[in-house]
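The values are calculated or read from the model by the stated rules, or taken from the named source; none is laboratory data. Remember, predicted model here, so these are calculated numbers, not experimental data. Here the Cβ positions follow ideal geometry from the backbone for every residue, glycine too, while neighbour counts run over all protein chains shown. In case anyone asks, the SASA skips ligands and DNA or RNA and just uses the protein heavy atoms, side chains included. Shrake-Rupley method; radii C 1.70, N 1.55, O 1.52, S 1.80 Å.
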Amino acid sequence: AQKVTQAQTEISVVEKEDVTLDCVYETRDTTYYLFWYKQPPSGELVFLIRRNSFDEQNEISGRYSWNFQKSTSSFNFTITASQVVDSAVYFCALCRSGTYKYIFGTGTRLKVLA
Amino acid sequence: EAGVVQSPRYKIIEKKQPVAFWCNPISGHNTLYWYLQNLGQGPELLIRYENEEAVDDSQLPKDRFSAERLKGVDSTLKIQPAELGDSAVYLCASSTGSQETQYFGPGTRLLVL
């Protein structure tokens, strides 16, 4: 069975603090994809990153960085120097290679306070 | 490039009434998805279209839900009759293919009274 766990229901930080959102997944597949989406109050899920299971290289995009560790089945997301505009619900998702079915976690609500 | 467009953004109806949601995917995206998102949860797939064909509707409650994508572009999801438990956000997504990244619209927030 496939499962995505985002244990942090809600996180509050003060602007400019760094914050890490955790994502732990379960799958028996060797080939799969992992995703992060951002859902601001407007409701739209905004695509942030897609990572292939064979690519464990960490990625940095501006203030965003992702740490993929197959050994611990984790795909954590860090926002450096957080800003108020980062306030949103963040979803981690898993998709078996060759399929289209995303398994989403329950999301982590991030509140960045000015 | 325009994103996925959905309308209406909000809808309030009384139970037993019908309701319809409309989605226009990103231009060139052949695959279209409808998701249901309950409060505090991640989205759950209802139906997937490849062009005009519904290739996976296994999660669609067919007694009251229906969907169509007649010309393989925009799509409509209908509920008739609506029940209190249908209150949720209905998201539409599209992709260039079934194994490609899905891009989501803003959703329609439905409240059934």
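Some points to look at:
- Residues (in contact with a strand residue (DSSP E or B) (Cβ under 7 Å, 6 or more places away or on another chain), open to solvent by 50 Å² or more (accessible area, probe 1.4 Å) and either within 14 Å of chain A (Cβ to nearest Cβ) or not β-branched (Val, Ile, Thr) (or both)) located in region B:8-17: B:Arg9, B:Tyr10, B:Lys11, B:Lys15
- B:Gln37 vs. criteria in contact (Cβ under 8 Å) with a residue 24 or more places away in the chain and either within 28 Å of B:Leu113 (Cβ to Cβ) or surrounded by 13 or more Cβ atoms within 10 Å (Cβ to Cβ) (or both): yes
- Of all the residues in region A:17-50, those that are among the charged types (D, E, K, R), in contact with an Asp or Glu (Cβ under 9 Å, 6 or more places away or on another chain) and away from every other protein chain (no Cβ under 11 Å) number 0.
- One residue stands out in region A:68-87 among those that are open to solvent by less than 10 Å² (accessible area, probe 1.4 Å) and under 13 Å from A:Val13 (Cα atoms): the one that is farthest from the other protein chains (Cβ to nearest Cβ), namely A:Ser82.
This table checks each residue for (1) at pLDDT below 95; (2) more than 29 Å from A:Leu48 (Cα to Cα).
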residue: B:Arg64; (1), (2): no, yes
residue: B:Leu70; (1), (2): yes, yes
residue: B:Gln80; (1), (2): no, yes
residue: B:Val89; (1), (2): no, no
residue: B:Ser98; (1), (2): yes, no
residue: B:Thr101; (1), (2): yes, no
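- Some residue of region B:71-80 being surrounded by 14 or more Cβ atoms within 10 Å (Cβ to Cβ) and within 12 Å of another protein chain (Cβ to nearest Cβ): no
- Residue in region B:81-113 that is nearest to the other protein chains (Cβ to nearest Cβ), counting only those that are of a type in the set (D, E, K, R) and open to solvent by 30 Å² or more (accessible area, probe 1.4 Å): B:Arg109
- Unique residue being within 14 Å of another protein chain (Cβ to nearest Cβ) and farther than 22 Å from B:Glu44 by Cα when the list is A:Ser65, A:Ser97, A:Ser53: A:Ser53
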